[in-house]
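The values are calculated or read from the model by the stated rules, or taken from the named source; none is laboratory data. In this text, all values refer to a predicted model and were calculated from it rather than measured experimentally. We place every Cβ from the backbone using ideal geometry, glycine too, and count neighbours over all the protein chains shown. Quick note on the areas: whole protein, heavy atoms, side chains included, nothing else; ligands and nucleic acids left out. Shrake-Rupley method; radii C 1.70, N 1.55, O 1.52, S 1.80 Å.
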Amino acid sequence: MPRMIMATVTTITTMSIATTPTITTATSMLMTTNEPVGAGALAEGEAAALYRLMTWLSPAFPVGGFSYSSGLEWAVEAGDVTDTASLADWLDAMLGDGSGFCDATFLVHAYRAAEAGETTALNEVAELAAAFVPSRERQLETASQGRAFIDIARAAWNADGLDAVIAACSTPPVYPVAVGVVAAMHAVPLAPTLHAFLHALVSNWISAASRLIPLGQTDSQRVLVRLEAAVAATANRALNAALDDLGSATFRADLASLRHETQYTRLFRS
């Protein structure tokens with residue numbers, strides 16, 4: 001495809017004793033070139049996959065993630081999370097030893113089952129994921145986001161076979177399962193889907209904490225930087241994990257989620 005480049009006409013002003021100065025206005029022009037796109041450019045499929053991941057897992061994608069804190073609101077009120085250091089430690093544990101790893105594993109298995117057309121396996125993953133949350137509010141969080149993700153994907157980003165796969169699920173997909181199924185049906189590669197999902201998950205936690213502690217924008221970014229290696233490690237573990245490897249050791253975070261339900265003053269739904 002020809003590329004457009006900008007060319008500028010250079011103006012030279014001349015003057016002599018017998019003449020008055022002559023000034024010519026410089027003019028910019030668009031010119032076309034048949035020079036090929038550079039070797040580092042994204043292939044068409046890669047560009048489409050990246051575009052969709054950036055859209056689906058953006059805070060602007062209307063799944064309502066901004067209204068949930070995954071128990072962080074109680075943790076802040078109880079004094080467990082008070083600054084960037086305690087927040088980073090709390091989220092690192094949630095990511096590697098709690099809901100982060102579990103959700104990542106559910107996404108991986110849902111993706112592979114949907115990609116292979118194994119509806120029985122997908123149903124088992126969907127049922128287990130829905131039963132794995134520790135509190136009523138966390139159930140509300142993951143179920144409502146999963147439902148919203150599926151509804152919006154089918155309305156605006158539908159793909160061949162997506163409706164049939166969703167219809168075959170006897171249990172409505174919770175959020176990580178929904179993301180895995182939609183990505184698989186759009187042929188978006190699994191590894192970047194998983195990494196983007198975990199980045200979005202951590203970013204939403206930090207966004208909630210920034211309003212609760214509160215944190216400034218720079219401190220929020222510092223926490224995100226500290227969790228970069230943890231996101232990569234959790235993604236790698238989930239890619240190689242069996243469903244039998246699922247488990248959580250973040251008891252305090254689970255307790256925070258349970259106690260949030262009766263918290264007197266609340267900004268968030270979980």
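Before moving on, here are some points about what is shown:
- Search result, residues across segment 65-75 that are assigned to a helix (DSSP H, G or I) and open to solvent by less than 80 Å² (accessible area, probe 1.4 Å): 65, 67, 72, 73, 74, 75
- Scanning segment 151-179 for residues that are in a helix (DSSP H, G or I), closer than 19 Å to residue 116 by Cα and open to solvent by 10 Å² or more (accessible area, probe 1.4 Å) yields 163, 164, 165, 166, 167.
- Options 153, 178: the member that is in contact (Cβ under 8 Å) with a residue 12 or more places away in the chain and either closer than 20 Å to residue 124 by Cβ or among the hydroxyl-bearing types (Ser, Thr, Tyr) (or both): 178
- Segment 218-242 residues that are of a type in the set (Lys, Arg), paired with ones that are part of a helix (DSSP H, G or I) and surrounded by 13 or more Cβ atoms within 10 Å (Cβ to Cβ) (beta carbon under 7 Å, 6 or more apart): 222/84; 226/88; 237/101
- Within segment 150-170, not a single residue is among the aliphatic types (A, V, I, L, M) and under 24 Å from residue 72 (Cβ atoms).
- Scope segment 124-142; condition closer than 13 Å to residue 106 by Cβ and either open to solvent by less than 10 Å² (accessible area, probe 1.4 Å) or part of a helix (DSSP H, G or I) (or both); matching residues: 124, 125, 126, 127, 128, 129, 130, 131, 142
- Scanning segment 70-97 for residues that are within 18 Å of the chain's Cα centre (by Cα) and closer than 17 Å to residue 260 by Cβ gives 70, 91, 94.
- Residue list for segment 41-64, restricted to those being open to solvent by 80 Å² or more (accessible area, probe 1.4 Å), farther than 16 Å from residue 176 by Cα and outside any helix (DSSP H, G or I): 42, 60
- The lone exception for residue 236 - which of (1) touching a helix residue (DSSP H, G or I) at 6+ places or on another chain (Cβ under 8 Å); (2) within 30 Å of residue 43 (Cβ to Cβ) it fails: (1)
- Meets criteria (closer than 22 Å to residue 51 by Cα, open to solvent by 30 Å² or more (accessible area, probe 1.4 Å) and out of contact with any Cys (no Cβ under 9 Å at 6 or more places or on another chain)) for residue 211: no
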